Amino acid sequence: MKYDKMKINMDNWRNTNETKKCITLTVILTLLFSLFITKSYAADEIFELQLETSSATVHPRDSFSVNIILDNMNITSGDQGIGAYQAKIVYDTNILELVEVTPANGWEVLENEGDMVANTSNAEVVKERTYTATIQFKVLENAVLGDTTISLESIQGSSGTTTIDGTGVSGIVKIEEVAEENPPVDDDNQDDNQNNEQKPSNNGGTTNRNQVGTTNIDPSGTSNKTLPKTGITNIIIIAIAIVIITAIIFYIKYRRAV
């Protein structure tokens, strides 16, 4: 009796497991079928992610941004627009450093090692050209000079009911060497230049500061020398003094003679 009871329980357990397996298999097949149908349905649908750089030319250690624009949507499924997308940010890690990805107003963004997911904050789709996020880059100090490309790959979007493959438009920036600034003028050299400007020229037409008299050159080529004013004054004073002394001597002799 106990054996029959145990056999019945085992049969029930086997039937239950077989039922669960059937249900699980049915669910898996349904999901796979739905996925196949969805992909087929979305074959003619497409959208585009464009990259617009803030600057066409940058220098080592510069920071710049790249905007992600959702555009050229041809969507016929779901709400007939794109409400979310995922993509892989591809760039040369020997030239650029990805700093962060920030969402535009009305969007949410998650990013990890270049893999990003973006979606609208209100869970609605967009049907027109829309700015969705900004990628911040920094140029490495030892970056190779020249053009470098930034792109988005493995792009997929959602219309709410359908997964749609998207395309990307790359952005290009040019890395240029930092231009050297003009070196500052040496003060000593500047003083020397000023002194050289004050020196007399070879034609004798300028006057040295230490020269007492002046020499004027007329067009005929002859020079007219002018005596220093200080010398003339001294001569006049000496002459007057001699006249006064002589007059005093004659006066004394005259008084003695009388």
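A short reminder: the numbers here are calculations on the coordinates, not readings from a lab. What you are looking at is a predicted structure, and each value in this text was computed from that prediction instead of being measured. All Cβ positions, even for glycine, are placed from backbone atoms using ideal geometry, and neighbour counts span all protein chains on display.
Multiplying the residue separation of Thr149 and Ile237 by 0.36 nm and removing their Cα-Cα distance gives an extension gain of 22.4 nm. 3J(HN,Hα) along the stretch 107-123: 10, 10, 9, 10, 9, 8, 6, x, 7, 10, 10, 10, 8, 6, 5, 9, 6 Hz, from the Karplus curve 6.51 cos²θ - 1.76 cosθ + 1.60 with θ = phi - 60°, whole Hz, x for Gly and Pro.
Hey, any idea what the orientation-averaged projected area of the convex hull of the stretch 46-175's Cα atoms comes to, in nm²?
Working: hull surface 28.2 nm².
If I average the Cα hull's projected area over directions, I get 7.0 nm².
Among Val101, Val169, Val144, the ranking by other beta carbons within 10 Å of each residue's beta carbon, starting with the fewest, stands as Val144, Val169, Val101. Annotation for Asn142 and Glu176: the two label points, set 7 Å from Cα along the Cα-Cβ direction, are 2.5 nm apart. Would you mind calculating the relative contact order of the stretch 46-175 from Cα pairs under 8 angstrom and at least 6 residues apart, reporting the percent as a whole number? For the stretch 46-175, the relative contact order is 39 percent.
Between the stretch 49-77 and the stretch 89-139, the alpha-carbon centres lie 9 Å apart. Arranged from fewest to most other beta-carbon atoms within 10 Å of their beta carbon, Met116, Met73 become Met116, Met73. Computed about the Cα centre, the dipole magnitude for the stretch 46-175 is approximately 200 debye when only Lys and Arg (+1) and Asp and Glu (-1) carry charge, each at its Cβ. Multiplying the residue separation of Asp115 and Asp62 by 0.36 nm and subtracting their alpha-carbon distance yields 16.7 nm.
Ranked by Cβ crowding within 10 angstrom, fewest neighbours first, how are Ile164, Ile46 ordered? Working shown, then result.
Numbers: Ile164 26, Ile46 15.
Least crowded to most crowded, the residues run Ile46, Ile164.
Around Lys138, under 12 Å between beta carbons, what's the net of Lys plus Arg minus Asp minus Glu among the other residues? List each step's numbers first, then the result.
Details: positive: Arg61; negative: Asp62, Glu97, Glu100, Glu141.
Around Lys138, the surrounding residues sum to -3.
Taken about its Cα centre, the stretch 113-156 carries a charge dipole of roughly 180 debye when the Cβ of each Lys and Arg holds +1 and the Cβ of each Asp and Glu holds -1.
Once you order the gyration tensor axes a ≥ b ≥ c over the Cα atoms, which shape class does the stretch 81-132 get: rounded for a/c under 1.5, otherwise prolate or oblate by comparing a/b with b/c?
It is prolate, given that a/c is not under 1.5 and a/b is the larger ratio.
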